[in-house]
Amino acid sequence: MTRTRPLAWLLLALAALLAVVAAAGAVALRLSAADIVDSYLLTNSAMGVGFATCGAILAVQRGRNPIGWLLLAAGIAHLLTAASGTLGGYGHTHGWPEPLLRILASLFVSGWPWGICLLLPLSLQLFPNGRPVSPRWRWLVVVTVVAGVGFVAAMSLDPAPVEFGPGLAIRTYLGAPFFDRLGPLWAAANTAPLLGLLGAIAGLVVRYRRGDERLRRQLLWLVLALIVAVAVNLPRWIVGDGPILLLLAVPLVPIAITIAILRYQLLDIRLVVSRTLLYLLLTLGVVVAYLGLVALFDALLRGVGAPLAATLLIAILFNPVRVRLQRAVDHLLYGSRSDPVAAVTAVGARLAADDLGGVLTGIRETLRLPFTAVRSRSVEVAAAGTPPDHLETVELSYRGERVGDLLVGVRAGERTLGEADRAVLNLLAAPLAAALSATALAEEVQASRERIVTAREEERRRLHRDLHDGLGPTLTGAGYKADAALNLSTSDPDRTRLLLSELRTDIGTAIDDVRRLVYGLRPPALDEVGLIGALRRHCERLPLEVTFDAPPQLAALPAAVEVAAYRIVTEALTNVTRHAAATKVTVTITVGSAVELSVLDDGRTGEPWRPGVGLTSIRERAAELGGLCTAGPGPDGGRVVAVLPLEGAA
């Protein structure tokens, strides 16, 4: 791109030189304002300066994009016509050689068609990235080039002399004697500008439908310029005649192209296009309706009061039509923000059939937003679109609890979301929060299942290891000793008695291993003396003074709740013994709709506890039953509290 910058500046300097020559020639010829307008000198110069300046800016900033070079060449083409026209007039009045004047005349007739009929349509078809809509659209570029060259030929080969001024007619070198015999061909070539424009419009429509938010904003800049340029010049093109100054709207197109490629976020282009479309449609509708009603009433009333009746009817219908048109245009550009019910319905359909990413895409498309995302616990859960510089947050709450945030990108050109946007987003926040909560709950359930499966497999591995490495060898050795005692029972009674004694010891060890395994599955004390008794028996072995605040007998509890309560309390007491430096502990147990456990000690207090194996085990046991657990230092010592619901426990 750095290598092409000098060329861009050089071509811009050439364009500036041509503009100066055109202006100096007009001054030297002392052309009147009417002559400057009627000779197209003003419009060619304005279009040339506009095209060349915008093209040079794009060529310098985006050297690889051919659009800048096309616009720059179009500007030079129009300025070449303007400069050669004034130079030809000046040369004719000052006796310049006829060959030179004929060269200037040839440049005059062949310059401007390249710009307006070939280079500009190509720029529109390649907008904004310098490539056709798709490889399948390359044929349109070829057709535009062929038709454009045909139009240039039709303008250049006309043998009619060029009039540089009153009585200043000069023939060109390009005029062909066979021109008149090819009339139908030249008539077909005259449709080139229309073909190029229609092809460009078709490409813009396809790009808009397929494009993302950024591309659509770029296209809206060009759409705005085309709407103004076409609307202003449409009567002139239809009738075939009209004010020449209307062509001064054409330079809006390269200006819009430049802004769209380099600064498409300059302002809220949607709002500008919305209002422009609205008032152009209203103006066109009022004119057509007025002419039609005048003709109708003139036929019915025979000319008596027809204009007045048409005016009154249009005045009555104007505001309702304006409201409906505004609604339709706003829906096209802003989506369903003015219709919250439609927006909620569209997002609800996405919720039923898609994940959070699809729902966010639906919100973005429904409200025409550049970016939407959901964040939960400072983590981005899902997103759609490209985040702009300005983001706004909508709180997502479910059942009174904040479950996350909806991040929304502000449209380019806007500083904040409008009230209509906020109203729709607040309505959408409720179902989105429910979906986010359901997603989080499903993830928690899945994680819980994985932990349960892991714990079950670990328990099976432990049982397998204990049976294989402990109980198995013990029983095998006992069998061998029993065989040896049987073999020596008659020949060596003393040895037999020794083996039987060892056998009894081994069997006792095996019994202890079996008891330990059984205790690991469910403490036997729970079946023997109940939860309170089992805890008291466990506390007898601890170097602590443990006080119980619990009923003497508890109603029958579900097995899972009973085991979890026992494990939580014993683990909490173990932690007190190891870490708290306490002497007294109070264990409180109450039973209602849930079993509430509390273990309070008089140990040292300080910083919050860091979860270890014990605290993690306590919390997981409570969570497995759908309960809660809190643990940490208090003003008088450590405190562990757990709540285990009874409903649904088994």
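The values are calculated or read from the model by the stated rules, or taken from the named source; none is laboratory data. Keep in mind the model is a prediction, meaning the values are calculated, not measured. FYI the Cβ positions are ideal-geometry reconstructions off the backbone, even for glycines, and counts take in every protein chain you see. Only protein heavy atoms, including side chains, enter the accessible area calculation; ligands, DNA and RNA are left aside. Shrake-Rupley method; radii C 1.70, N 1.55, O 1.52, S 1.80 Å.
Ordering of 583-591, 441-449, 555-563 by packing is 583-591, 555-563, 441-449, highest average first (other Cβ atoms within 10 Å, averaged per residue).
Here the peptides 200-208, 41-49 are ranked by packing, the mean other Cβ count within 10 Å, and the order with the highest first is 41-49, 200-208. Relative contact order of segment 47-134, taken over Cα pairs closer than 8 Å and 6 or more residues apart, is 31 percent.
Counting every Cα pair in segment 1-159, what percent are over 23 Å apart? Value for segment 1-159 (Cα pairs over 23 Å): 43 percent. Electrostatic bookkeeping for THR93 treats Lys and Arg as +1 and Asp and Glu as -1; over the other residues with beta carbon under 15 Å from its beta carbon, the sum is -2. The slack between ARG578 and ALA560, meaning 0.36 nm per residue of separation minus the straight C-alpha distance, is 3.8 nm. The value obtained for segment 468-596, namely the Cα convex hull volume divided by the number of residues, is 157 Å³ per residue. Based on protein heavy atoms only, segment 25-116 ends up with 40 Å² per residue of surface accessible to a 1.4 Å probe.
Which of the three applies to segment 595-647, rounded, prolate or oblate, going by the alpha-carbon gyration tensor with a ≥ b ≥ c and a/c under 1.5 meaning rounded? Here segment 595-647 falls in the oblate category.
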